[in-house]
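Colleague: Below you will find the structure I want to go over with you.
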Amino acid sequence: MSADSDPVVIVSAARTIIGRGLGGVWTPLVRKAWAVPIRSDLGSGCVGFSRVRGFPALPGGRLPGIRLLRGTHAPLCAQTRCGGRLRRGKAPGRRSPAVLGALSIALAFPSVLGSFNGALSTVPVYDLGSTVIREVLKRAAVAPEEVSEVIFGHVLAAGCGQNPVRQASVGAGIPYSVPAWSCQMICGSGLKAVCLAAQSIVVGDASIVVAGGMENMSKAPHLVHLRTGVRMGDTPLTDSMLCDGLIDAFHNYHMGITAENVANKWQVSREDQDKVAVLSQNRTESAQKAGHFDKEIVPVFVSSKKGLTEVKTDEFPRHGSNMEAMSKLKPCFLTDGTGTVTPANASGINDGAAAVVLMKKSEADNRGLTPLAQIVSWSQAGVEPSIMGIGPIPAIKQAVAKAGWSLEDVDVFEINEAFAAVSVAIAKELGLNPEKVNMSK
């Protein structure tokens, strides 16, 4: 059986809730972006993003079946969207490269995503990871001892103990004999984990892999460098969330400034950004009220003085968002009168996790599982850090070309919305039909 006839598929997915953030800014500092063409019974699509929060980065993105909210820092980092469902369509008839056509996404599920210092703020990141790993295995009817490997994106690891992903794996009941490790590409970490899982299966190193992302930004510690002591005076604290996730290491400025750079270069107005942000929030509100996220979210039980509290609703979305209210917010990165990026048209700082189970289609068939999606190809591209948000432009072009598709063959584009300015610029540069980008249904 050729690799092309036995593709890698995703059979299960899960995530935590998404919560409200302080300042509503994204996390990460990557200079690389990813794009992954996929096929499913919902049609053909291309998921892409730049940077990572694992959130899962972050913290990571999402794939079909893992609907994270757009404009949030979500763990898988493959499909960060505002809600709703992918539109059904006919997949392109062209064959995908044999080496990349051997995997399926059997099951994917995320946990709820909590706000910065919100409902999930006290939950260790490895417990968030264990929660989604345990759930995806349950839904895919895969025993813990059948897992070959666990790979998660995780960025803010300071103070979490050795190999937090292995802690999450073991906490989910997976034996010590199963390797577990993390990858770190800031906002691209979660999707990178999925691609690494696919590669592991294609080359024959693994048969069933759990991949995803996890992050608890609320628990990111402040650091003090005292290894050699302090002879005199005060010693400043370093915020590891900013230092390791939100400040560009090459230009030493916040990710929000890179969004301002993109808005300026691609002439994206404040009004255009606010329109995207309002649409994102409104779609999320509609999706929540319609119950579209209920089945994909894994509740998290949080300890409190009153006992265990079940957290099962995303905290971040702001219902009733409108242009009038959004237009009143002041830019938070450039305050000289030229800024356009505000807390409302930038994504939030959140806590959460998401996971998928990958295997070959033949394995899924033997288990009676219906794949959520087939991975056709993937690509990553580096760009100048000062405009990191446009990374999906070359990445999408490369991924689509590797799949033997054209942009017109793609039914849905799921593009990470770290900042509204970035989303507008990418769609404009690629000439995408707005109706195909981050669709609501």
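Colleague: Give me Rg over Rh for the range 202-261, both radii from the alpha carbons and Rh done the Kirkwood way, two decimal places. Write down the numbers at each step before the final one.
Modeller: Details: Rg = 18.6 Å, Rh = 15.5 Å.
Result for the range 202-261 is an Rg/Rh of 1.20.
Colleague: Diagonalise the Cα gyration tensor of the range 238-291 and give the resulting equivalent ellipsoid semi-axes, square root of 5 times each eigenvalue, largest first, whole Å.
Modeller: Details: eigenvalues 164, 73, 7 Å².
Gyration-tensor ellipsoid for the range 238-291: 29, 19, 6 Å.
Colleague: Output the peptides 164-176, 340-352, 399-411, 295-307 sorted from most to least packed, where packing is the average of other Cβ atoms within 10 Å over each peptide's residues.
Modeller: 340-352, 164-176, 399-411, 295-307
Colleague: Within 10 Å, count the other beta carbons around each residue, average over each peptide in 363-371, 117-125, 196-204, and list them highest first.
Modeller: So the order, starting with the most tightly packed, is 117-125, 196-204, 363-371.
Colleague: Assuming a ≥ b ≥ c are the square roots of the Cα gyration tensor eigenvalues, decide whether the range 298-431 counts as rounded (a/c under 1.5), prolate (otherwise, with a/b larger than b/c) or oblate. Show your work: numbers first, answer last.
Modeller: Working: a/c = 2.46, a/b = 1.11, b/c = 2.22.
Oblate.
Colleague: Oh, and also: Can you list the lysines whose alpha carbon sits under 30 Å from that of residue 402, skipping same-chain ones fewer than 8 residues off?
Modeller: Of all the lysines, those that pass the test against residue 402 - Cα under 30 Å, at least 8 places apart if same chain - are 32, 90, 192, 265, 360, 361, 428, 436, 441.
Colleague: Further question: Show the residues, 5+ positions off or on another chain, whose built amide H is closer than 5 Å to the amide H of residue 238.
Modeller: 223, 224
Colleague: Which of rounded, prolate, oblate describes the range 371-441, given a ≥ b ≥ c as roots of the alpha-carbon gyration tensor eigenvalues and a/c under 1.5 marking rounded, otherwise prolate only if a/b is larger than b/c? Can you show the working numbers first?
Modeller: On the way: a/c = 1.70, a/b = 1.22, b/c = 1.39.
Oblate shape, in that a/c is at least 1.5 and b/c is the bigger or equal ratio.
Colleague: Direction-averaged shadow area of the convex hull around the Cα atoms of the range 235-349, nm²?
Modeller: Mean projected area of the Cα convex hull: 11.3 nm².
Colleague: Another question about this same structure. Find the centroid of the Cα atoms in the range 354-379 and in the range 201-262, then give the distance between the two in whole Å.
Modeller: Centre-to-centre distance over Cα atoms comes out at 31 Å.
Colleague: I need the shape label for the range 162-201. Rule: rounded when a/c is under 1.5, else prolate if a/b > b/c, else oblate, with a, b, c from the alpha carbon gyration tensor.
Modeller: Details: a/c = 2.71, a/b = 1.51, b/c = 1.80.
Note, shape of the range 162-201 comes out oblate.
Colleague: Right, here's the next one. Setting aside same-chain residues fewer than 8 positions from residue 306, which lysines have a Cα under 24 Å from its Cα?
Modeller: By straight Cα distance, residue 306 reaches 219.
Colleague: Next question, about the same structure. Could you order peptides 320-328, 251-259 by the average number of other Cβ atoms within 10 Å of their residues, highest first?
Modeller: Details: 320-328: 12.8, 251-259: 21.3.
With the highest mean Cβ count within 10 Å placed first, the list reads 251-259, 320-328.
Values quoted throughout were computed directly from the atomic coordinates according to the rules given, and no laboratory measurement underlies them. Worth saying up front: this structure is predicted, and the values here are computed from it rather than measured. As a convention, Cβ positions derive from the backbone with ideal geometry for all residues, glycine included, and neighbour counts pool all protein chains shown.
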